[in-house]
Amino acid sequence: MTPGSEYPPLIRFDDAFPGLCWLGRVRPRWIRMARSDWSRARNFARRHLWPMALTVDRAVQADRRYLAEELVHLAARHRLLSMYLPRFMGGSFSGSVLGLFPVLEELAAVDPGFVGLIGGHHLGLTALALSFNFRLMDRVAGLVVRGEQTGRPFLIDCAITEPGAGSDVEEEDLFPRADLCTRARAVPGGAVLSGRKCFISTGHLADWHLVIIPYDRTHPLDKIGLFLVPKNSPGFSLGALEEKMGQKAAPASELVFDDCFVPSDMIVTQPGDLPPGRGEALLHGVLGITRTAVGAMGAGMARGAFEIALDFAAWHRVRGRRMIDRQGVQETLIRMLARVHQARAVYLEAAFALCSAFLPAQIPGFLNSALYARLYRTRFLTRLRHHAWFRRRAYRLFAGRPVTDHQRVQFYSSLAKVTGTDAGLANAHQALDLMGEAGSRHENGAEKLFRDAKLGQIYEGANELNRLHMFKHFLARDLGVDVFGTDPK
Ligand SMILES: Cc1cc2nc3c(=O)[nH]c(=O)nc-3n(C[C@H](O)[C@H](O)[C@H](O)COP(=O)(O)OP(=O)(O)OC[C@H]3O[C@@H](n4cnc5c(N)ncnc54)[C@H](O)[C@@H]3O)c2cc1C
């Protein structure tokens, strides 16, 4: 497909999201906003992102130290760095949680690398938001919004993975046994970090790093530490830039902490901040959102591959006939489209599970108004939400949702992640099969999508681990199965 060309008419909002359209009859405002977010994302992806995606991919292949700063500026100009910050914090979020994931599908259909790049930043913001540390959240939100206004983008990332601990630190049963090499030590006035984190999306482009290190490795979730480390902090340095196979626009970085001091006003969470025994809610909340997001991204990659294959089949001739006129090809294309719809149906179901557990489907009108944005900044409300009592109360409300709600979110978000990323890779593979040698040409986009799609199966916990996570949260609870072998009995 050429830059600027129209999408095939079958992928209109109403065709892609009949369930949401029906919901729009009951809740017109929710779906009006979701539809408008979606068209904004489609417009952006088609007009601005598409022409740059292959160029950036090629630039990083030519020089692995190349950082796609032009994409960061593009994202900032279009307010995509604050797209999930509510308006009362100055962000550009419309307020429709149901529109949040279709937007990612649109962007990933054109460039998964771009989604990986801004995804690292949004992962950091999500973890920060669910820590309920409003003081630091306000501070970071202010920097992100100001960065967009001044043309000097401000990004954060989120670092939990370590050289010996990837999926383990994303699974509460495995976390206490994970082979962690980082240490967080409380000292007067703050904490000292040492060790390394690896494969951190956006690391080399981030201004601040949100680093997750437990103070006590035997009880990591109860003694969890979240720290904000500015890039120029003494004792902090950037290590290797990974030369990974795909999603080249998103740098995957090593972060090195050599007795790096973090002052207490940059500590997001330390033992005692969260109610005891509720630490896993933070992990579950973050994964519930980010795995659903990766599922939507997978659906987007599946769609991107489908569209490339459809376009190719529509003009390429084999023995005098257009490929698309052959029944075998039509059947293959429908198989690809079916995967897109399956992946989309599951990530939407996960979005509904999130909304019925702890996210509002829509930010209430008053909270989304200019008046509330002014009230939010008043001294009274600022002092109230920055108070430790308020934070504990907010966290308790979120963590105190019935356990079945949390389990449902875990199951559906992992299902969305696995279904979406498997569909992305299957369709990218199918597109290459269908296109023959043309598929292997960089300029046709299919080989890039193939490289990009494989990575989706790995991050946010490898898909195999996500399947075990699903088993644990949906089947094991009734069957009494000890999935990760952690039951002392
Ligand atoms: C492109 C990219 C971007 C990333 N971005 C970030 C980021 O921004 N921040 C961050 O913190 N991390 C990031 N990561 C790291 C990512 O989250 C981890 O790679 C992921 O969680 C998998 O961990 P691992 O690579 O250590 O694999 P492992 O966990 O070591 O898994 C290797 C294999 O062993 C299997 N396995 C492991 N444990 C078990 C078990 N108990 N039972 C059965 N099978 C098991 C897995 O399923 C997998 O097949 C990124 C990774 C990639 C590739």
Looking at the range 441-462, which of the residues that are closer than 24 Å to Gly420 by Cα and free of Cβ contacts under 8 Å to residues at least 24 places away in the same chain is farthest from the ligand (Cβ to nearest atom)? Glu447
Of the candidates Ala178, Ala129, the one satisfying the condition of being more than 10 Å from the ligand (Cβ to nearest atom) and either aliphatic (A, V, I, L, M) or out of contact with any His (no Cβ under 6 Å at 6 or more places or on another chain) (or both) is Ala129
State which residue is nearest to the chain's Cα centre (by Cα) when the search covers only the range 188-206 and only residues that are within 12 Å of the ligand (Cβ to nearest atom) and of a type in the set (Gly, Ala, Ser). Ser201
Would you point out the residue of the range 156-175, among those that are closer than 15 Å to Leu226 by Cα and part of a helix (DSSP H, G or I), that is farthest from the ligand (Cβ to nearest atom)? Val169
When restricted to Arg326, Arg291, Arg335, Arg322, the only residue in contact (Cβ under 8 Å) with a residue 24 or more places away in the chain, assigned by TED's automatic domain parsing to the domain that holds Val115 and surrounded by fewer than 20 Cβ atoms within 10 Å (Cβ to Cβ) is Arg335
Hey, does the range 134-152 have a residue that's within 16 Å of the ligand (Cβ to nearest atom) and touching a helix residue (DSSP H, G or I) at 6+ places or on another chain (Cβ under 7 Å)? no
Residue check for Gly272: more than 21 Å from the chain's Cα centre (by Cα) and at positive phi: yes
Within the range 338-370, how many residues are surrounded by 21 or more Cβ atoms within 10 Å (Cβ to Cβ) and either among the hydroxyl-bearing types (Ser, Thr, Tyr) or under 23 Å from Thr421 (Cα atoms) (or both)? 11
Can you tell me which residue is nearest to the ligand (Cβ to nearest atom) among those in the range 463-483 that are surrounded by fewer than 16 Cβ atoms within 10 Å (Cβ to Cβ) and in a loop (DSSP other than H, G, I, E, B)? Asp482
Within the set of pairs 6+ apart or on separate chains, which have a first residue in the range 198-220 that is under 21 Å from Met137 (Cβ atoms), a second that is among the basic types (Lys, Arg) and more than 9 Å from the ligand (Cβ to nearest atom), and C-beta atoms under 8 Å apart? Ala206/Lys231; Asp207/Lys231; Trp208/Lys231; His209/Lys231; Ile213/Arg183
Give Arg58, Arg46, Arg65 a once-over and let me know the one that is closer than 19 Å to Lys448 by Cα and not in a helix (DSSP H, G or I). Arg65
For Lys223, indicate whether it is farther than 27 Å from Arg65 by Cβ, more than 9 Å from the ligand (Cβ to nearest atom) and of a type in the set (Lys, Arg). yes
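Residue by residue, here is whether (1) at pLDDT 95 or above; (2) touching a helix residue (DSSP H, G or I) at 6+ places or on another chain (Cβ under 9 Å) holds:
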| position | (1), (2) |
| --- | --- |
| Ala388 | no, no |
| Ala399 | no, yes |
| Pro402 | no, yes |
| Lys454 | yes, yes |
| Phe474 | no, yes |
| Asp482 | no, yes |
For the range 446-461, enumerate the residues that are in contact with an Asp or Glu (Cβ under 9 Å, 6 or more places away or on another chain) and part of a loop (DSSP other than H, G, I, E, B). Gln457, Glu460, Gly461
Picked from the range 226-266 (must be surrounded by fewer than 18 Cβ atoms within 10 Å (Cβ to Cβ) and among the polar types (S, T, N, Q)), the residue farthest from the ligand (Cβ to nearest atom) is Ser264
Inside the range 32-76, can you point out the residues that are surrounded by 16 or more Cβ atoms within 10 Å (Cβ to Cβ) and of a type in the set (Val, Ile, Thr)? Val56, Val60, Val72
Restricting to the range 159-175, and then to whatever is in contact with a Lys or Arg (Cβ under 8 Å, 6 or more places away or on another chain) and in contact (Cβ under 8 Å) with a residue 60 or more places away in the chain, can you tell me which residue is farthest from Leu117 (Cα to Cα)? Asp173
Within the range 353-368, can you find the residues that are in contact (Cβ under 8 Å) with a residue 40 or more places away in the chain and part of a helix (DSSP H, G or I)? Ala353, Leu354, Cys355, Ser356, Ala357, Gly365, Leu367, Asn368
Residue in the range 321-333 that is in contact with a helix residue (DSSP H, G or I) (Cβ under 8 Å, 6 or more places away or on another chain) and not in a helix (DSSP H, G or I) present: yes
Condition first: within 27 Å of the chain's Cα centre (by Cα), over 26 Å from Ile160 (Cα atoms) and surrounded by 18 or more Cβ atoms within 10 Å (Cβ to Cβ). Now tell me which residues in the range 432-461 satisfy that. Leu432, Asn444, Gly445, Ala446, Glu447, Lys448, Leu449, Phe450
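The values are calculated or read from the model by the stated rules, or taken from the named source; none is laboratory data. Small disclaimer: the values here were computed from a predicted structure and weren't measured. Glycine gets a Cβ as well: all are built from the backbone with ideal geometry, and neighbour counts include every protein chain shown.
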